[in-house]
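J.: Mind looking over this structure? Questions follow.
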Amino acid sequence: MLLAFMLPRNLKKIEGQKAAIGVQANGTASLIIDERAQIAHEFLEYTFRFSISEARELAAQLPEGLLRRRVEAAIAGDGWEINNSAVRAAIVNNAPVAGARLVKGHHVQLR
């Protein structure tokens, strides 16, 4: 059940006959990506998919040819995803990460 209501800023708890509703700061800050284009390359990841025979060939050699062109095309493609855990860890360790920030919010707790 979703409760949608606004509590006054200074109100932290509402007591009822059977339960209490409290507002408490979240324990973990939420990662917000403000500008994806600013995220450094070391935080971007891509999953490559090859058949077993292609993977064996790739491991053995990467000369000019179709397989090399496929890998280069995959690297140049749009399938990259941000490694949110790496971005979060960098920010927690005081490393500047352009385009991302940690934000602590609040949640409602029923007691």
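J.: Suppose every Lys and Arg Cβ carries +1 and every Asp and Glu Cβ carries -1, with no other charges. What dipole size does the stretch 14-110 come out with about its Cα centre, to the nearest 20 debye?
T.: It comes to approximately 240 debye.
J.: So, in nm, how far is label F50 from label E72 when the simple model puts each one 7 Å beyond its Cα toward the Cβ?
T.: Distance between the two pseudo-spin positions: 1.6 nm.
J.: Select from N93, A59, A20 the residue farthest towards the positive end of the dipole of the chain; place +1 on Cβ of Lys and Arg, -1 on Cβ of Asp and Glu, and compute about the Cα centre.
T.: Of the listed residues, the answer is A20.
J.: At 7 Å along Cα-to-Cβ for each site, give me the label-to-label distance between W80 and N94 in nm.
T.: Modelled inter-label distance: 2.9 nm.
J.: How many angstrom lie between the Cα centre of the stretch 68-111 and the Cα centre of the stretch 28-59?
T.: Taking the Cα centre of each part, the stretch 68-111 and the stretch 28-59 sit 10 Å apart.
J.: Loop-only GluC sites (Glu not before Pro) in the stretch 11-104, please: DSSP not H, G, I, E or B, and at most 16 other Cβ atoms within 10 Å.
T.: E35, E64
J.: In addition: Considering all projection directions equally, how large on average is the shadow of the alpha-carbon convex hull of the chain, in square nanometres?
T.: Over every viewing direction, the Cα hull of the chain projects on average to 12.4 nm².
J.: Let me ask something else about it. In nanometres, what is the gap between the two model label sites at A19 and L62, each 7 Å from Cα along Cα-to-Cβ?
T.: 5.5 nm
Just so you know, all these numbers are worked out from the coordinates, no wet-lab data involved. Computed from a predicted model, the values in this text were never measured in an experiment. Neighbour counts are summed over all protein chains in view; Cβ atoms, including those assigned to glycine, are modelled from backbone coordinates with ideal geometry.
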